[in-house]
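Please read the structure below before turning to the comments.
Every read-out reported here was derived from the displayed coordinates using simple, explicitly stated rules and does not represent laboratory data. This one's a predicted model, so the numbers in the text were calculated from it and none came from an experiment. All Cβ positions, even for glycine, are placed from backbone atoms using ideal geometry, and neighbour counts span all protein chains on display.
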Amino acid sequence: MKFSDEFEARFAEMVPHYPTKRSALVPTLLYAQDEVGFLSDEVIAELASRLELTELEVRNVISYYSMLTTEPRGKFNVQVCTNISCMVRGAEEILHHCARRLGIGNKQTTPDGLFTLEEVECIGACSWAPAAQVNYDFHENLTAEKIDGILDEYKKRGTQ
Amino acid sequence: MTQSPNHKILMADVNLTVDGKKVTAPAGTLLIEACKTVGIEVPSFCYYPNLSLQGACRMCLVKIEKMPKLQTACTTVISEGMIVTTDSDDVKQARKSMLEMLLGNHPLDCPVCDAGGECELQDMTFSYGAAESKFMEAKNHKDEQQWSPVVFFDRPRCILCYRCVRVCGEGMDVWALGVQNRGVSSLIAPNKKDHLECEECGMCIDICPVGALTSGAYRYKTRPWEMTHVGTVCTHCGDGCKTTLGVRRSDTGMEIVRGDNRDKSGTNGDFLCIKGRYAFDFANHEERLTQPLIRKNGKLTPSTWEEAFELVGKKFAEVRDKEGGSAIGVIGSTRTTNEEAYLLSKFARVVLKTNNVDHHRTADFPALSAALRGKPDATASMADVFNAPAILLIGNDPTEQHPLLAWQIRNNVRLHRAKLYVVNSQTIKLRRQATSFTQIPLGTEGKVASFLSGDEAAADALVSASSDNGSIDKDGWIALRDKLRGEQNLVIIFGSEIRANDISSLVRFGAGISGAKFICLADYSNSRGAADMGLYPDLLPGYHPLAGTSDFHQEWSVAQAAGLDLANMVEAGKKGALKALYVVGSNPVGRLDIDPFAFSNSFVVVQDMFLTETAIMADVVLPAANAYEKAGTMTNTCGDVQLVKKAGEISGTKSDFEMIVRIADAMGFDVRKLVPFGGGTRADMGQSRGAQSGEADRHAVWLEMQGLEPKLSPLDPMAILDEIQRLVPGYQISRPNLLAGNSEHTSLTKSGAGAAHNPESIAPANDTLFTSGTLGRYSRTLQSVLESHEVKPAEVAAD
Amino acid sequence: MADLVSHPDEVKVVSRRFGLGATNLDRYLELDGYKAVQKALAMEPDAITNEVKASGLRGRGGAGFSTGMKWSFVPKQSAKPKYVLCNGDESEPGTCKDRLIFEHDPHAVIEGVMIGALAVGARSGYIYIRGEYRYLSVIMQKAIRDAYARGFIGKNIFGSGRDLDIYWHGGAGAYEVGEESALMESLEGKRGIPRIRPPFPAVVGLWGGPTVINNAETLANVPHIILGGGEWYAKLGTPKNGGTRLFCLSGNIAKPGVYELPMGYNLKKMIYEVGGGIPNGRKLKAVVPGGSSCPCLTADEIDVAMDFDSVQKAGSMLGSGGVVVIDDQQCIVKFALRTMKFYQHESCGWCIPCREGTDWLKKTLIRFHAGGGVKKDIDNMQYLSENMLGRTFCPLGDAAAMPTIAFVKKFRKEFEDHLDGRPCPYEKEGAAEQLPAMAH
Ligand SMILES: Cc1cc2nc3c(=O)[nH]c(=O)nc-3n(C[C@H](O)[C@H](O)[C@H](O)COP(=O)(O)O)c2cc1C
Ligand code: SF4
Ligand code: FES
């Protein structure tokens, strides 16, 4: 299993930060997922052997964390927060707008593989609500029009 | 997340008050355990003695004075002056609400659930009440999954107590179960995504408080209350696990439908391996023999018992009287009871007048008995293995061959921090528990014994023989020996790799260590009994050499010349010198490399359950009952004697005991001289219903025929046990304790001097977790598990 | 990235460097950076702890425990290494303050961890940042690298002969991992299941060693306390509630944002003066004063000083500083449902009352809000919440139960308005469309 040099450098740097190897697991999984797109059986087997864990243990951990996934997702994961601060400022409308625009429901992926839509819990943008994250980028003080622009921008990036 | 349970290191006592009662318990005791000592039961799901603490189910909440909130009794360590309430309204309400919340998502399918009637959730609801359902929502559903031939998982029933995960990981060191997802979606998951790859011990099923994990062997077969439960001993390996068999009446007798040890009545506690738990099904295999067979015109043809006994009796008497007893060979069993082994040994010498007696030897017990003669308390019991502060294990792979021993070792290390020293030619799984693991080349185990006993040169040989990793240099060997010499109460366990003089070397080494004790590992359920009861050509019961004197010489008036061992019987058979062969519960042709035509010229009688490779060439085959279908005692590899009780029954079979007696009778022998019945202390009588009924009925028939009073019959093995207890050294054990279902350790102190055997005559069974000699081949469960495991149980990393 | 706001009533301590480019190490040094740690290096460990005690600094993560006290529980002697762990998992709905600290002043967090380590005798510290905050992790990783490059952390720091390592660690999406013992599990590469306590982390923590766990804001305050003195800091706030606090104003408020105000600042004033009141001419219905775990206060309960003790007296909690304002157009049942959905989704699942209780409450609230409620449901919800309270394995169960109890008790009428198949009175025309269900 081959990861990028950047991943390898980060992994090599991180593991000695802890007295036990497995301590590096959670952030390593996220970085691996960022590269591969999802945590495939192959990635799981590789990280298990590197961190001296069973694949079961790795799966136990993966399935606990909501950002980690063993299923492929779209290139852009549109995560709309609908938690309280966002909700009272119209987050549901934003979510529905995305759903209509993309033609998909929660946790679904567009047929072109570009977008996945996900309703998420509070992302720490309460004072700039309503908010969403596309992959790791925050988009705040959203309105339907703003969302359109944002999705157009990603679509352009994704199809270039 | 988890925390080790406190260890029972002797500590000062602590005083507390629970519900107004004064309680005193050692410091470090958990509150839930302290409550038990005064009969106060604090309910719990996730708490399980000897497994790590969870505090997850919250059933055990109690009130502790000065604490603002209710506290979990399962994680609270008692402290001086603590004042605890377990029966106040708020405590009761807490329990009730936990049950209500659990039942919110729990299917109420008790009528079709395997655990119905034996479910801790049912019991708890009954006791603490959550009768009124406040829940109106749809329950979360998930389909049932099959994880292995023997393990099924029904997620909705799971209450997430994590017992299964812990017993698999902490108890078994297998770590095949995990927890996945979180919150209400949390579920127990198997290590291979949709199935399990594990040792298939079934501990997870047994420990599950509800019907979430169910057994492929038992599910949907019966309701718990329709079974009779019989506590007996497992028939498979030499460890002697106590097992409780659930039996039910069937068309052909009594059928065994389940095995477990939930009552924790034996040294094995609730442990059982795959064989103990499921592999009783050989008993109901359709190839089971249920009628005597006599070879007529070259073909084995069904006959009546009368005809068969008459023929065998006549033939045996004929050969004995014409050719002399030495023309008869007897091969005994490693799976029959002590009483049967003893009776066979006696029958051979006294009735057949032959010393040509042997069995499938898998360990050198005679050498151990010789080396330990006169040394009191020098053998360790299975219970000792769990408590010894230090253990030396040379050879064998207990995980595969002695699962209970492995469990005892593992959990001793885990719970008592015992030190484990392993010397092995393979990287056996127990190395994970070892303080020190030393790998040696195969076949050099004896050298280790020599070195330990002071032969310095042996170390050089060991060092030069090994090159690979895990091995150590001479200084390493010396350091290891020094460490071992510094131990106290060391239990020295060795496999069949160590034989003859190497055993005396080990015993000499042990003599320098205070409290050292030994265990010699043999393979079958009553290998030790077969040896102790003198199924040898040159040894009488208790390892008394024929060439010598003993009580037996007087009582039995036997010839002093040693008979033929198995190999020599084969030779004699080939030469036509062996005119008759009596094989009781053994399959030498199938299990040992014996020419099937060796006995073509002998009159061969085989008692067995199946038409084995040996039975198929016999002149008479007598259908035998197995150890689950009769009463008696067995001795495990450590020398622990336990009571075997009759659970199942297949009509048309007889116990080996009865058959031996009937053959003696047919030979015109006064059976009173064989079985001293009439003066014993226990009779299997009076029962006309239930599991024991068949035996009692047969007693009754016999008694009536003989015009005897219904007290004891010559078919009662207990009559022979009386004689064993009277004559076999070491077997002067407590009968009441035995009858109460406990194990009684025998000692080799006063046994005979043994005899130097040809070490070659020992042939290990090489069974694995999933095989069990000839028996295993007739267990569908074992076969299906073997098929599902293309690879050996994978070794997985511990946390 | 996130917009900064300001108000004349603000007293800037921890936010002093916001917007001043302090992610750049040189700029940070110009702004008194790494002076506090040098000062602390010259102090006795106990003196550092005493200074923090004197400051009246209380944990900004939610529980408000005295930071100096917490540090003093760490045993002086320990066979196992000691650690300082900065909790930057910030996931409590309504809370978005640690984010600004990481974004604008990462070195202050590093410095705070260092001073904590000096006080308790730890030689390594970890800064745990939630997985969603990737851009902040990038900032923090760079800050750590820069500090190592200057020799501020690592071997022989500031020539003191002491070694001190600081590491970044990232999460991957889990609110429960903010709970201190689950945080340690997560850092050790495990599922975020809390640990049995006692033993407390200060005695047995990360990898078995004594561990101090503090919120990022708590630690970012520490350098200022060391430089300005505990007494100065204490005086900024109210008795037993030293200093200032980052309040995250959100919800139906005209000028949402993160404001640094003195402890004890009046909530009403905060909403109407600092936050500019309720927009669009609407009226205030309720305020969640400290993040979603805290019982709401009704419009007539908000004349309260925002310090730990006063808010507790008012029947709620100061929590993590997330002030969520709810106007009269909002449906409390829906608000309660969204809150419960969150806790149901984030429950680790370890213990029965939290795992089952949150699921049950969520299901009931969904049905109830959709118009399928019956009268008994209202009592059942209160019964269930009250039976979770104080009986769960960790405080997440309480966090789910407490707001629910308050909603049901304080807005029973609104719940009753949903009964008998009546449509939600607050649902806007045409918005009846069902939300896609939260998958887990
Ligand atoms: C469910 C739960 C979630 C929590 N999440 C956070 C969090 O995201 N950030 C945080 O600093 N503290 C959080 N806490 C509080 C921590 O357990 C802990 O008290 C805090 O980090 C201690 O730091 P402090 O004393 O500086 O507040 C949470 C507590 C609970 C019970
Ligand atoms: S499967 Fe059974 S034993 Fe295992 S956690 Fe679930 S209920 Fe408990
Ligand atoms: S037995 Fe104590 S919490 Fe389960």
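Structure notes:
- Going through (1) within 21 Å of the chain's Cα centre (by Cα); (2) in contact (Cβ under 8 Å) with a residue 12 or more places away in the chain one by one, A:R50 falls short only on (1).
- Among residues of segment A:97-112 that are more than 10 Å from chain C (Cβ to nearest Cβ), those with a beta-carbon under 8 Å from a residue that is outside any helix (DSSP H, G or I) and of a type in the set (G, A, S) at least six positions away or on a different chain give the pairs A:C98/A:A132; A:T109/A:G74; A:T110/A:G74; A:T110/A:G103.
- Condition check for C:Y133: at the interface with chain A (Cβ under 8 Å from one of its Cβ atoms), in contact (Cβ under 8 Å) with a residue 40 or more places away in the chain and of a type in the set (S, T, Y): yes
- Total residues in segment B:163-188, condition within 13 Å of chain C (Cβ to nearest Cβ) and of a type in the set (A, V, I, L, M, F, W, C): 5
- Residue within segment B:215-232 that is touching a strand residue (DSSP E or B) at 6+ places or on another chain (Cβ under 9 Å) and within 30 Å of A:S66 (Cβ to Cβ) present: no
- Checking C:M270 against (1) under 29 Å from C:D105 (Cα atoms); (2) hydrophobic (A, V, I, L, M, F, W, C); (3) within 16 Å of ligand 3 (Cβ to nearest atom), the condition it does not meet: (3)
- One residue stands out among those in segment A:113-149 that are crowded, with 19+ Cβ neighbours inside 10 Å, part of a loop (DSSP other than H, G, I, E, B) and in contact (Cβ under 8 Å) with a residue 24 or more places away in the chain: the one that is farthest from the other protein chains (Cβ to nearest Cβ), which is A:L142.
- Test result for B:S186, closer than 24 Å to A:I62 by Cβ, within 16 Å of ligand 3 (Cβ to nearest atom) and either in contact with a Ser or Thr (Cβ under 6 Å, 6 or more places away or on another chain) or of a type outside the set (K, R) (or both): yes
- Each residue in segment C:72-90 was checked for being surrounded by 24 or more Cβ atoms within 10 Å (Cβ to Cβ) and either of a type in the set (G, A, S) or touching a Ser or Thr at 6+ places or on another chain (Cβ under 6 Å) (or both), and 3 pass.
- Within the set B:T427, B:T399, B:T438, B:T444, the sole residue that is out of contact with any strand residue (DSSP E or B) (no Cβ under 9 Å at 6 or more places or on another chain) and more than 17 Å from B:L521 (Cβ to Cβ) turns out to be B:T444.
- When segment C:169-180 is filtered for residues that are under 18 Å from C:T67 (Cβ atoms) and either within 16 Å of ligand 3 (Cβ to nearest atom) or outside any loop (DSSP other than H, G, I, E, B) (or both), the ones remaining, listed by number, are C:G178, C:E180.
- Out of B:P156, B:P149, sole residue that is more than 17 Å from B:C208 (Cβ to Cβ) and either in a helix (DSSP H, G or I) or touching a residue at least 60 places away in the same chain (Cβ under 8 Å) (or both): B:P149
- Looking only at segment B:52-76, and only at residues there that are of a type in the set (K, R) and within 9 Å of chain C (Cβ to nearest Cβ), the one that is farthest from B:E170 (Cα to Cα): B:K69
- Listing of strands (runs of 3 or more DSSP E) fully contained in segment B:225-313 that carry 1 or more residues being surrounded by fewer than 18 Cβ atoms within 10 Å (Cβ to Cβ): B:228-233, B:242-250, B:293-296, B:299-302
- Filter pass, A:S63 being among the polar types (S, T, N, Q), more than 8 Å from chain C (Cβ to nearest Cβ), surrounded by fewer than 20 Cβ atoms within 10 Å (Cβ to Cβ) and part of a helix (DSSP H, G or I): no
- Number of residues in segment C:334-393 that are free of Cβ contacts under 8 Å to residues at least 12 places away in the same chain, within 14 Å of ligand 1 (Cβ to nearest atom) and within 27 Å of C:K413 (Cβ to Cβ): the value is 0.
- Qualifying residue in segment B:418-433 (condition: under 21 Å from B:S743 (Cβ atoms) and either in contact (Cβ under 8 Å) with a residue 40 or more places away in the chain or crowded, with 17+ Cβ neighbours inside 10 Å (or both)): yes
- Test: residue in segment A:66-85 that is at the interface with another protein chain (Cβ under 7 Å from one of its Cβ atoms), buried (at least 18 other Cβ atoms within 10 Å of the Cβ) and aromatic (F, W, Y): no
- Among the residues making up segment C:310-331, those that are in a strand (DSSP E or B) and aliphatic (A, V, I, L, M) are C:V323, C:V324, C:V325, C:I326.
- Every residue from segment B:189-220 that is within 14 Å of chain C (Cβ to nearest Cβ) and either assigned to a loop (DSSP other than H, G, I, E, B) or within 16 Å of ligand 3 (Cβ to nearest atom) (or both): B:P209, B:V210
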